[in-house]
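One structure is given here, and the rest of the page talks about it.
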Amino acid sequence: MKLNKVYQVTWKDIKETFSSILIFGPMFGIPLAFAVILPVLSLYIAVHEAPSIAAAIKIPNISAALPAFKSIAFMDYFSINILGPITMTMPIITSAVIAADSFAGEKERKTAESLLSTSLSKTELLLGKIFASFLPAVIMAVIAFALYGSIVNYLSFQQFHLFILPTLPWLLMLAAVPFLALAPISIVVLISSHVKGVKEAQQLTSLLVLPLLVLPFASLLGLASLSVSFMLYLILFLAIFDFVLFYVSLAVFHRESLIN
């Protein structure tokens, strides 16, 4: 395998994606909008609804807190355990747009045959397509986390005179993004190679991203606590899962499927 060939495929797909603002505009605009809106939402809930919500769902260390500390504790919990995972999944969801277009777009643009006429191995081709979606996802995650964290800290300092972020679990959420991104992107790229068009790939993609929203609801219901140990176990599991998934994808991927 030659890395320069992987780079060529990756760079070609990224240039095609960013050739039109109609494509990359929503892909970047939606996560950035959420990175601004979600901290404002967390502050409003913390100030106005924290005592009643904390009592209703029995959030640890909040329900028993004195009234004066409920808003601070709730914003800390809500910003990290509920809205943090949502911020973590937004770049991944939008990167699936590129993944869905990876091979299906080649079929629609009638460029699949010219791609296959090159000396690219299927490993180089698959890796190039995966990285074309993976790199924007990671870059968007860093931007979204930085913007989200900055706004949370600004609002919390203005309201409570303290900074909430960063915390170690929150930083581990960012560290988990590359591992979390690889699994759905690999699956979507593989799906894209077997369907006829981009719309079909995107429809199947919408089903795959739903499990990514489990974390905030599991945390809200008390089924999982996004602690340091939980995040470390999650990263380890995702790393192993990504490794296995890539080799499975490589085994079932056939170049001939791109012209069928």
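Condition check: at pLDDT 85 or above, under 19 Å from residue 95 (Cα atoms), aliphatic (A, V, I, L, M) and under 17 Å from the mean Cα position of the chain (by Cα). Does residue 231 satisfy that? Taking the combined requirement at face value, the residue does not satisfy it. Kindly indicate whether residue 54 is assigned to a helix (DSSP H, G or I), surrounded by 15 or more Cβ atoms within 10 Å (Cβ to Cβ), among the small types (Gly, Ala, Ser) and modelled with pLDDT under 65. When the stated conditions are applied, residue 54 passes them.
Checked against the criterion of being at pLDDT 75 or above, part of a helix (DSSP H, G or I) and either crowded, with 21+ Cβ neighbours inside 10 Å or among the charged types (D, E, K, R) (or both), region 14-24 has at least one qualifying residue. Residues satisfying the criterion are present in region 68-86 (criterion: out of contact with any helix residue (DSSP H, G or I) (no Cβ under 7 Å at 6 or more places or on another chain), of a type outside the set (S, T, N, Q), farther than 27 Å from residue 147 by Cβ and modelled with pLDDT under 75).
The values are calculated or read from the model by the stated rules, or taken from the named source; none is laboratory data. What you are looking at is a predicted structure, and each value in this text was computed from that prediction instead of being measured. So basically every Cβ, Gly included, is an ideal-geometry build from the backbone, and we count neighbours across all protein chains shown.
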